[in-house]
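The values are calculated or read from the model by the stated rules, or taken from the named source; none is laboratory data. Here the structure is a predicted model, which is why all the values come from computation and not from measurement. As a convention, Cβ positions derive from the backbone with ideal geometry for all residues, glycine included, and neighbour counts pool all protein chains shown. Areas reflect the complete protein model, heavy atoms only, side chains present, ligands, DNA and RNA absent. Shrake-Rupley method; radii C 1.70, N 1.55, O 1.52, S 1.80 Å.
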Amino acid sequence: MPSVSAIMKITQTTRAADSSVDMMINMGPQHPSTHGVFRLVLQLEGERIVHAEPHIGYLHRGSEKLCEGESYAQVITLFDRMDYVANLNSELGFCMAVEKLMGIEVPDRAWYIRTILCELNRVASHMLFYGVFGMDAGAMTPILYGFREREKIQSLFESVTGARMMHNYFRIGGVKEELPADFPARLAGIVDELKRAVEECDRLLTGNEAFLARTRGISPLSAEDAIDFGVTGPILRSTGQIEDVRVSEPYGIYNRFDFGIPVGSTGDCWDRYYIRIEEMRQSLSIIEQAAGQMETGEIQAKMRRIARPPKGEVYVRSETPRGDLGVFLVSDGGPKPYRVKVRTPSFSNLQAIQHMLRGAYVADAVVVLGSLDIILGEVDR
Amino acid sequence: MPETPENPPSGGKPARAVPPTRREPKVEAAPEALDDAGIELSSLVSGLFTDEKVEVGVEVDEVSVRVALDRVPAICARMKNEPSLAFDYLRSLSVVDYVDRLEINYHLFSYPKRHKLVIKADLPAQAPVVPTVTGVWRTANWFEREGHDLFGVNFAGHPDLSPLLLYEGFEGHPGLKSYPFHDYDEW
């Protein structure tokens, strides 16, 4: 039987060996905080992450290839299913690409309807982020507030488009149908409620001591790295870069509104969170301005029933709640797209996680992933 | 007896006359609509790359630069580092299958200069290889892995070309036009 001192010695040597052995932690694909089906393999040294390897593709449906087999009008339904939290923003990206290729002038009223719905969708998406991010950081209450407000927007969408998600409401050259008669009154009521709700949410979580401890100074990102990684949207703005496609390359009628671009300073998790709270206020202001300016008129441009764009290729950008959505559309002059490449913001934003997690604590991995606000339907397509 | 239109199988309906093929509408090219900034950039690029074999053109509203395949990383690095161009943001990297050839598109944008451009290069349809640009923009990493998955393009010098969107052991390149559409085996 070995003596006590010999046992002590053995434990000490194994300990020494253990500390140099990397530990592998597998997060996902089924994990409540991965926001979909996403796998992250973490290599640890003590509590620090030395390497993070993201694995995606669990939701790959081949949307880009499917687009090649559908007529232009049918493709819109596939875009609904990419960013399934901000469907209307996705739809708009494709419609704008076809309109640019065909040179269609979309009527003013259609643009106002599109803008109001897209901004509402942005608020709904950020409300979801608010709730889920709170939960990632350990706060259980925000999800109830976030979902309650999102629900109001969803029910308004239902009255307009007939669906809570997967709306298929935007058309090439306009929108599907006129708004219901009670829309202006309902919209005004909802905007008022949302304004109060944003302040309520802000008071509830933003300055919370425990929340600040989990997010302040966690995995900051510099503007140079963000640009090099192709990071866009709220995450790029949180690094201090003033960039918003709605302002820098204005599309639609965004140049008619007066709104600000919130930017952060350090690019940490708290900045990424607070940018989105501030964006909700700006979006609500855009909605109010748009509702005030909107006039009656046509909602669909005059065009042939079956869209047949000329031969050519366009790349169109738009600002979705997650960042810069690029649609690269190649047409051979036929009734179906020849090639559609969608540059989705979540795809590039997620790629930066490897860089952001290097040297971070393993306990922060969930918060960092949550702060990116990825949608796996958009990452995998 | 072989089943031909002249010899329909017993009990079958006689073959119908082939309907006249519908005349396809004439295909027109999209008009060029380059704005002032684009015209300026176009002349700037033509002036800067006199020592390279580049072909400056227009794609609807965007300046396009067609380059030789092996010069892609060098030209991309110059596009990024040249102060008057400063293309610091690779918006998208995509492969298009034209059956007889593949085309690779690098959509660039410059945050400081606020102009945009697309670099194009032609690849052979068989065993396409192009040098990687991950050394120029780190965002190219996943785009190139996606191009490798879906189109079988080999990005020479890429740090890790393991499957990204497809699973390990997937056979074929589903982005290609030759890949069957709704024809798959249940598993």
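So which helices (runs of 4 or more DSSP H) are wholly in the stretch A:85-174 and hold at least 3 residues that are of a type in the set (S, T, Y) and either touching a residue at least 40 places away in the same chain (Cβ under 8 Å) or closer than 15 Å to A:I287 by Cβ (or both)? Before the answer, list the steps.
Numbers: elements: A:87-102, A:108-136, A:142-161.
In the stretch A:85-174, the matching helices (runs of 4 or more DSSP H) lie at A:108-136.
Within the stretch B:27-54, if we keep just the residues that are charged (D, E, K, R) and assigned to a helix (DSSP H, G or I), the residue that is farthest from B:D70 (Cα to Cα) turns out to be B:D36.
Scanning the stretch A:67-105 for residues that are among the charged types (D, E, K, R) and under 20 Å from the mean Cα position of the chain (by Cα), which turns out surrounded by the most Cβ atoms within 10 Å (Cβ to Cβ)?
Step one: list which residues in the stretch A:67-105 are among the charged types (D, E, K, R), which gives A:68, A:70, A:80-81, A:83, A:91, A:99-100, A:105.
Imposing the further condition that a residue be under 20 Å from the mean Cα position of the chain (by Cα) reduces the set to A:80-81, A:83, A:91.
On the way: A:D80: 21, A:R81: 18, A:D83: 27, A:E91: 29.
Top of the filtered list is A:E91.
Looking at the structure I just gave you, is A:P309 within 11 Å of chain B (Cβ to nearest Cβ), in contact with a Ser or Thr (Cβ under 6 Å, 6 or more places away or on another chain) and surrounded by fewer than 21 Cβ atoms within 10 Å (Cβ to Cβ)? So A:P309 fails the test.
Scanning the stretch A:187-237 for residues that are without any contact (Cβ under 8 Å) to a residue 12 or more places away in the chain and more than 25 Å from A:L284 (Cα to Cα) yields A:E209, A:A213, A:E224, A:D228. Test of understanding: among A:R317, A:R322, which residue is surrounded by 22 or more Cβ atoms within 10 Å (Cβ to Cβ), more than 14 Å from every other protein chain (Cβ to nearest Cβ) and over 20 Å from A:Y112 (Cβ atoms)? Residue meeting the stated conditions: A:R322. Restricting attention to the stretch B:39-95, report how many residues are open to solvent by 20 Å² or more (accessible area, probe 1.4 Å) and in contact with a Leu (Cβ under 9 Å, 6 or more places away or on another chain). Number satisfying all stated conditions: 11. Somewhere in the stretch B:14-26, is a residue modelled with pLDDT under 80, acidic (D, E) and surrounded by 13 or more Cβ atoms within 10 Å (Cβ to Cβ)? No, because not a single residue in the stretch B:14-26 is modelled with pLDDT under 80, acidic (D, E) and surrounded by 13 or more Cβ atoms within 10 Å (Cβ to Cβ). Scanning the stretch A:358-371 for residues that are surrounded by 24 or more Cβ atoms within 10 Å (Cβ to Cβ) and within 26 Å of B:L166 (Cβ to Cβ) turns up just one, A:L369.
If you go through the stretch B:81-101 one residue at a time, how many are within 11 Å of chain A (Cβ to nearest Cβ) and not in a loop (DSSP other than H, G, I, E, B)? Residues flagged as within 11 Å of chain A (Cβ to nearest Cβ) and not in a loop (DSSP other than H, G, I, E, B) within the stretch B:81-101 amount to 9.
Selection of the stretch B:145-170 for residues being open to solvent by less than 20 Å² (accessible area, probe 1.4 Å), in contact with a Leu (Cβ under 9 Å, 6 or more places away or on another chain) and within 9 Å of chain A (Cβ to nearest Cβ) yields B:E146, B:D149, B:L150, B:L165.
Here is the figure for the stretch A:217-230: residues that are facing chain B (nearest Cβ under 8 Å) and of a type outside the set (D, E, K, R) total 3.
Here is the figure for the stretch A:237-279: residues that are open to solvent by less than 40 Å² (accessible area, probe 1.4 Å), out of contact with any strand residue (DSSP E or B) (no Cβ under 9 Å at 6 or more places or on another chain) and closer than 20 Å to A:I113 by Cβ total 3.
Confirm whether B:Y106 is in contact with a Cys (Cβ under 7 Å, 6 or more places away or on another chain), closer than 28 Å to A:E243 by Cβ and not aliphatic (A, V, I, L, M). It is true that B:Y106 is in contact with a Cys (Cβ under 7 Å, 6 or more places away or on another chain), closer than 28 Å to A:E243 by Cβ and not aliphatic (A, V, I, L, M). Within the set of pairs 6+ apart or on separate chains, which have a first residue in the stretch B:111-123 that is free of Cβ contacts under 8 Å to residues at least 24 places away in the same chain, a second that is surrounded by fewer than 16 Cβ atoms within 10 Å (Cβ to Cβ), and C-beta atoms under 7 Å apart? Taking only residues 6 or more apart or on different chains, not a single pair turns up.
Scanning the stretch A:106-127 for residues that are more than 13 Å from the chain's Cα centre (by Cα), over 19 Å from A:E158 (Cβ atoms) and open to solvent by less than 10 Å² (accessible area, probe 1.4 Å) turns up A:A110, A:T115.
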